[in-house]
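See structure below.
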Amino acid sequence: MKKKKDEKGKNSKKKSRIWLLIFGIIVIFSNIFAIYNILRLGTIEEVIRYIIIGIFIVLDLVIIFKIFNKRKHKEKKVRLLTTLLIIYLILNIFISFTIMYTLGLLSNLNKDKVTYSSSLIVLTESGINNVNDLSQGKIGVLSDHSSPEGYIIPEEIIADENLDDDNEITEYDDYFSGIADLYDQELDALFVPTDYESMFTGMDAYKNIDEETKIITTKEKEMAKKATSTRETASAGKSVTEPFTILLMGVDSEEEGLSKNTVANGDSLILITFNPKTLNATMLSIPRDSYVPIACWNGQPENKITHAAAYGTDCMMDTIENYFDVTIDYYAKINFKGLVTLVDTLGGITVEVPQDLCTDNSNREGKICISEGLQTLNGEQALVLARNRKQLAAGDLDRGLNQQLVIQGILNKVKDLKSINQVMEVLNTITNNLDTNFTEQQILSFYDIAKDIMNNSLQKDDADLINIEQLYLQGTGQMIYDERSRLVLWDYVPNEYSRDDIVKAMKVNLELEEPDMIKEFTFSINDGDYEKQVTGKGPYNRTSTYTLLPDFTGDSESQARSYANSHGFTVSFVGSGGYVVSQNYPANKRIDLISGSVVLTLSGGNGTSSNTTPTNPTTPSDEEEEEEEEIEVIPPSGSNEENDEPPTPPNNEEKKEEEEIGDEIITEKPQNEPTE
């Protein structure tokens, strides 16, 4: 009996040792996995991490020694060792899970795949109700073969529905030419992004496009960003420990999240340069109507910068890079609706609100209002400040400055985060509503920068986390004929001198140029409060505007000849006598884009054409340049394409005034306020 008990005890101890061995191996492997995850944290607290790893290795060696020690283990020691191993295993699992979860959130900021959607639209009155009704017609697609919504998905639809069997497929360089031909009934159907309404409703001619057109087929396709973009994937830009640039792009969507692509009409563009060595940043809000060369369009013609957004992030980034002569290292696309959740997660932000403002809430329902003065804003209130432009004196320009205030408020509130749970809540919020080309390791490298910023804030309690220099792109409003949409649109023509000052400030912060040293500075307390000078705001003695073709209708032949001579272009006449009744080029067309002569038809009847060639130089003399005064048109409240209507043809007195001004013809935009 005693022998059986001894054998049973030996077997029990043997089983305990086997289980202890198996459990110990599991614990060691879990610890190796935890060490692997700790090493994934890049440069974060390297010394501390290596000390922790060293402690883990020592503990592993102790475990191995205890398990494989040939000395007999008492049952109590075995239980104690097992308990310690369980605690050690739980610790390893917690460390691995926390690191993996955090890195997973950071990795999701750079989304691998995006769902694109393309639709085939027709005019509502066309009688075409589905793809089967298309026969012997013309169908428009984008000529950019890398565009998912303009070409790749349309080609799949064309193949699936055999639309190329008896229809003509016509390629367009841009959507605006295609939609113009569709409305002119020179095109039967056109492929556009499914949310195309946001691209066109701002233009007065297409404000009812949702009623005047209809979708006859739609297809969605999930695609890897790297298959459609060279810049939206992992950035190969410089390390964040060196001065870098980042472009923030706002997406004003009614839905939360960025899993689906949006044309993100380029309403909110903020170009930031940041120097991690000095903790200085420059911040430029780029007006949506800025008239600049569009990089992805054939020949890079000038157009509203907002229109570049419809052709993808690559087009927008290339356009901004070319115009401001800086390399954009990173981008971040942010959903405005996610801003509400982010600010609420942070517990609100403190901002000096410049004036009373009211606008719709994030669901486009009801009104949210904020008051002038220092305010603590919740998410919906912060959205009012970031999105409202109708009530602002300078419209989109002032809205850009307000968006900078919101960003500064968010950055300042970050220093109040005191727990891991708060940090995780913020990460969860921005993961769903932000897309960027930062890699996981590049994001992790911000840790050291964040430490420097926090140390700076501790030393100066009331100081901003980052010293931000606001930049301002000054410009002049002109009504310019758009060659693609064939409409006269209001454009914001940037001042070249303002642009040069902005580029200088950005390059100085990026350490690409040396700053100009201020040799003398005087300030008198009797002059009142000192107002910090904003780079790019001037004042400047010259504007950068275009000479535009007037409407000659109603003018005499001599008046037209005189105007052509003074503005450096050629006119020819059909008929003789009377007044001008028509012209071959539209009013407000840029004269520098006119090829050949402007043909004017006179009311006096048919006759031989007469030509007039300019005899006066088009370039003003040095004396004239010195005498010219700056003529600046401030963008009206809520400047938007919704009011882009051709101006009333100038009368004779107005033309005389234009001739006295010289080559700067400036037409003010109508002052009626657009809808948001």
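The values are calculated or read from the model by the stated rules, or taken from the named source; none is laboratory data. Every value quoted in this text rests on a predicted model; they were computed, and no experiment measured them. Cβ: placed from backbone, ideal geometry, glycine included. Neighbour counts: every protein chain shown. Surface areas here come from the heavy atoms of the whole protein model, side chains and all, with no ligands, DNA or RNA. Shrake-Rupley method; radii C 1.70, N 1.55, O 1.52, S 1.80 Å.
Data table
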{"read-out": "Virtual spin-label span in nm between E372 and F65, 7 Å along Cα→Cβ", "value": "7.5 nm"}
{"read-out": "Alpha-carbon centroid distance for the pair segment 140-161 / segment 430-454, whole angstrom", "value": "36 Å"}
{"read-out": "Rg and Dmax [Cα atoms of segment 309-435; Å; Rg one decimal, Dmax integer]", "value": "15.8, 43"}
{"read-out": "Linear extension gain, T230 paired with W19, 0.36 nm per residue minus alpha-carbon span", "value": "70.6 nm"}
{"read-out": "Residue-normalised accessible area of segment 344-496, given per residue in Å² at a 1.4 Å probe", "value": "42 Å²"}
{"read-out": "Between segment 300-346 and segment 537-568, the Cα center-to-center distance that results, in Å", "value": "35 Å"}
{"read-out": "Karplus-derived 3J(HN,Hα), 6.51/-1.76/1.60, for each residue of segment 24-32, Hz, glycine and proline x", "value": "x, 5, 4, 4, 5, 5, 5, 6, 4"}
{"read-out": "From phi via Karplus (6.51, -1.76, 1.60), per-residue ³J(HN,Hα) for segment 131-148 in Hz, x at Gly/Pro", "value": "5, 5, 7, 7, 8, 6, x, 10, 10, x, 10, 6, 7, 6, 6, 9, 7, x"}
{"read-out": "Estimated distance in nm for a label pair at D356 and Y36, the labels positioned 7 Å out from Cα along Cα-to-Cβ", "value": "6.3 nm"}
{"read-out": "Cut-off under 5 Å, modelled amide H: who pairs with T170 long-range", "value": "I139, G140, V141"}
{"read-out": "Distance from segment 479-508 to segment 348-411 (C-alpha centre basis), Å", "value": "26 Å"}
{"read-out": "Residues with amide H under 5 Å from that of S290, placed H, sequence gap 5 or more", "value": "I305, T306, Y492"}
{"read-out": "Three-way shape label, segment 288-378, alpha-carbon gyration tensor, a/c 1.5", "value": "prolate"}
{"read-out": "Average silhouette area of segment 83-216, convex hull of alpha-carbon atoms, in square nanometres", "value": "12.2 nm²"}
{"read-out": "Dipole magnitude of segment 324-415, debye to nearest 20 (Cβ charges: Lys/Arg +1, Asp/Glu -1, about Cα centre)", "value": "220 debye"}
{"read-out": "Sequence-distant residues sharing a close amide H with Y579 (under 5 Å, placed H)", "value": "S603, G604"}
{"read-out": "Heavy-atom accessible surface of segment 16-118: percent carbon and sulfur, 1.4 Å", "value": "75 percent"}
{"read-out": "Within the accessible area of segment 138-177 (1.4 Å probe), percent carbon and sulfur", "value": "37 percent"}
{"read-out": "Derived scalar couplings ³J(HN,Hα) [segment 184-191; Karplus, 6.51 cos²θ - 1.76 cosθ + 1.60; whole Hz; x for Gly, Pro]", "value": "7, 6, 8, 9, 8, 8, 9, 8"}
